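Below: the structure, in structure tokens.
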Amino acid sequence: MPNNKVLIPLNQSDLSRKILPCVEKFISANENDLILFFVTKPPSGVGFGEPDLRAGYVQMPGDEPVRPTLHPIYATQQQDSIKAHVEAELMPVTNRLNEAGYKVSTVVGFGKDPVEAILQVISTSKINLVAMSTRARVGVTRFFFRSIADTLAQKAKIPVLLIHPPEE
């Protein structure tokens with residue numbers, strides 16, 4: 001019988017990674033494959049000159065500075081660069097999960113709406129469970145500031161495991 005596929009949406013926040021200890025505690029490595037999914041806005045390519053920093057990916061300390069170029073920068077080149085940065089950034093997480101016995105893959109998605117991008121991966125990759133952390137919002141705040149997790153929990157046709165880690 002094939003393993004279940006567990007999608008773990010991540011971004012560059014510490015909050016998004018707080019789901020990982022729960023995954024390791026409650027989801028067995030021998031029956032589940034983990035897919036770390038990072039979604040960001042699609043880059044547009046900029047032709048000559050300054051790169052498009054509107055894609056939403058923030059460079060981390062130690063990354064090479066982005067400089068103007070004398071040749072065109074295409075959106076696909078920017079996507080490849082972002083994918084490489086994300087994979088490098090998630091390498092410690094991936095290695096730790098692999099050492100714990102999980103089969104782990106990293107997927108980088110590009111879309112203007114994170115919920116739609118996650119739903120697309122759920123559909124195309126035959127995901128069995130989504131596991132993610134979210135801020136605990138209640139009352140009027142929750143009404144006005146719907147989170148990605150809330151919207152996903154309503155729209156997904158599969159189980160969504162949400163945790164609300166305590167604020168530090």
**Item:** Proximal lysines relative to K157, as straight alpha-carbon distance under 25 Å, when same-chain residues fewer than 8 apart are discounted
**Value:** K5, K18, K25, K41, K103, K112, K126
**Asked** Fully extended, how many nm does the chain gain between E167 and D113 (0.36 nm per residue separation, minus their Cα-Cα distance)?
**Response** 16.8 nm
**Request:** Could you calculate the FRET efficiency of K155 with N3 from 1/(1 + (r/R0)^6), where r is the beta carbon distance between them and R0 is 22 Å, rounded to 0.05?
**Result:** 0.35
**Message:** Less than 13 Å Cβ to Cβ from A117, Lys/Arg counted +1 and Asp/Glu -1: what total charge do the surrounding residues give?
**Reply:** +1
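Throughout, read-outs are computed from the coordinates displayed, never taken from laboratory work. Every value quoted in this text rests on a predicted model; they were computed, and no experiment measured them. With ideal geometry, Cβ positions are generated from the backbone for all residues, glycine too; neighbour counts draw on all protein chains shown.
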